[in-house]
Amino acid sequence: MEHKSPSPAPTASSGVQGSPLSGCPDSPRRGGLRILPPFGRHLWIRRRPPSPEALGSAPRRFQAASRAWTSRALLTASPGSRPGSAEREGGGSTQWRAEAQGEVLPGQRAGKMAAPMELFCWSGGWGLPSVDLDSLAVLTYARFTGAPLKVHKITNPWRSPSGTLPALRTSHGEVISVPHKIITHLRKEKYNADYDLSARQGADTLAFMSLLEEKLLPVLIHTFWVDAKNYVEVTRKWYAEAMPFPLNFFLPGRMQRQYMERLQLLCGEHRPEDEEELEKELYQEARECLTLLSQRLGSQKFFFGDAPASLDAFVFSYLALLQQAKLPSGKLQAHLRGLHNLCAYCTHILSLYFPWEGAEAPPPRQTPANPETEEEPYRRRNQILTVLAGLAAMAGYALLSGIVSIQRAPHARAPGTQALGMAEEDEEE
């Protein structure tokens with residue numbers, strides 16, 4: 001059965017009245033008209049982009065006009081649609097629908113901003129950003145790589161999420177408290193200071209790191225935590241003034257015991273009569289290690305050229321503590337100050353990466369602006385706690401030494417005893 005249209009369709013030779021291109025059969029505007037099947041009594045006509053064949057034979061001005069028309073059509077499209085894909089118009093691809101609905105497909109990262117990484121470390125002193133060896137190494141490596149860390153410099157290790165310092169809280173909430181593991185995590189997050197090193201330079205890094213831990217670390221522990229003068233006048237004094245009450249009474253001693261155990265693990269157990277010989281041997285090996293580092297550095301800015309690496313972070317943390325602290329017994333410090341390139345190396349890193357911490361040594365405690373209103377309740381509380389602790393200590397000492405004894409009194413007296421007591425009272429009267 002033949003279908004008849006209610007209105008005759010225009011033929012290909014008939015043009016649009018009033019159009020300057022009505023007589024041009026190869027006109028792109030004429031080729032852009034497409035006749036749709038009839039619907040009821042209306043004839044639906046939709047304009048489409050011209051075909052490549054028509055554009056090839058048309059003048060350049062018509063090609064430019066067609067491109068301008070296509071761009072206007074794309075700009076006037078609805079904001080929720082994406083042109084250029086027939087699949088999206090007919091139902092859309094899975095990825096585009098997921099993006100429109102805010103879903104996250106497997107293998108894609110969520111669009112929410114991740115929480116920043118937080119680093120908890122010991123606060124600074126002696127003109128350094130941190131007085132702790134491990135904290136200083138991690139801080140220096142983070143500055144070298146530009147890792148976006150939110151640094152918390154504290155003097156109470158119990159405020160750390162791991163109870164020790166340094167500690168890193170990652171963007172996923174994981175807590176890392178070992179310095180080498182912290183640096184490994186920063187490398188996984190694309191903050192790698194050794195990215196440009198060759199295989200030979202990487203091997204040199206491992207060799208010098210082993211040399212530092214075997215030769216220089218034991219002497220640093222002995223200098224700050226075992227030597228009596230240095231520990232009393234420098235190390236324990238700083239930690240006791242910086243720590244809050246009552247941690248400053250027992251935490252420095254506990255830290256000293258931990259460092260002495262660490263020193264025994266590094267050097268092994270020795271008899272007391274061999275301690276002097278062991279100390280001489282350790283200091284001699286440390287001096288040789290410093291001389292070797294000075295020769296390896298030479299006149300360079302850093303150990304592997306003009307850019308710092310992870311080895312520079314660890315070497316700086318070892319040398320800066322030894323250079324900046326005012327030690328009354330500085331056997332190794334005098335040898336370090338005689339190596340001018342190592343001293344200039346530490347000063348250069350301090351001024352370049354820690355300009356505020358290296359310029360002046362901040363006090364361990366900050367005095368509030370109004371001590372009468374802010375410090376008074378804490379001062380009274382500390383005084384009360386000190387008095388109570390002193391009374392409890394005195395009472396405990398008196399009980400343990402036998403000065404004061406506690407005896408239970410009998411609950412009731414015998415009748416004869418009561419009569420005898422009354423007779424004695426009469427005689428006294």
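Using a/c under 1.5 as the rounded threshold, could you call the range 118-354 rounded, prolate or oblate? The axes a ≥ b ≥ c are square roots of the C-alpha gyration tensor eigenvalues, and prolate needs a/b larger than b/c, oblate otherwise.
Here the range 118-354 falls in the oblate category.
Accessible area of V234, 1.4 Å probe, to the nearest 10 Å²?
Rounded to the nearest 10, that gives 10 Å².
Would you mind calculating the gained length between Q258 and S401 on full extension (0.36 nm times residue separation, minus the Cα-Cα distance), in nm to one decimal?
Using 0.36 nm per residue and subtracting the Cα-Cα distance, I get 48.3 nm.
Mind checking which lysines have their Cα closer than 17 Å to the Cα of K326? Skip sequence neighbours fewer than 8 apart in that chain.
Partners found: K229, K237.
Rounded, prolate or oblate: which fits the range 106-229 when a ≥ b ≥ c are the square roots of the eigenvalues of the alpha-carbon gyration tensor, with rounded for a/c under 1.5 and prolate only if a/b beats b/c?
Numbers: a/c = 2.40, a/b = 1.27, b/c = 1.89.
Oblate.
Sort the range 184-240 into rounded, prolate or oblate with this rule: let a ≥ b ≥ c be the square roots of the eigenvalues of the Cα gyration tensor; rounded if a/c is under 1.5, and if a/c is not under 1.5, prolate when a/b is larger than b/c, oblate otherwise.
Details: a/c = 5.19, a/b = 2.10, b/c = 2.47.
It is oblate, given that a/c is not under 1.5 and a/b is not larger than b/c.
Describe numerically, in nm with one decimal, the distance between label points set 7 Å from Cα along Cα→Cβ at E275 and at S162.
Going by the 7 Å Cα→Cβ label model, 3.1 nm.
Quick one: net charge of F120's neighbours, Cβ under 9 Å, K/R +1, D/E -1?
+2
S171 to A207: extension gain in nm, 0.36 nm per residue of separation minus the Cα-Cα distance?
9.7 nm
The values are calculated or read from the model by the stated rules, or taken from the named source; none is laboratory data. The structure displayed is predicted, hence computed values, not measured ones. Backbone-built Cβ (ideal geometry, glycine too); neighbour counts: all protein chains shown. When the accessible area is computed, the model is the full protein with side chains, heavy atoms only, and any ligands, DNA or RNA have been set aside. Shrake-Rupley method; radii C 1.70, N 1.55, O 1.52, S 1.80 Å.
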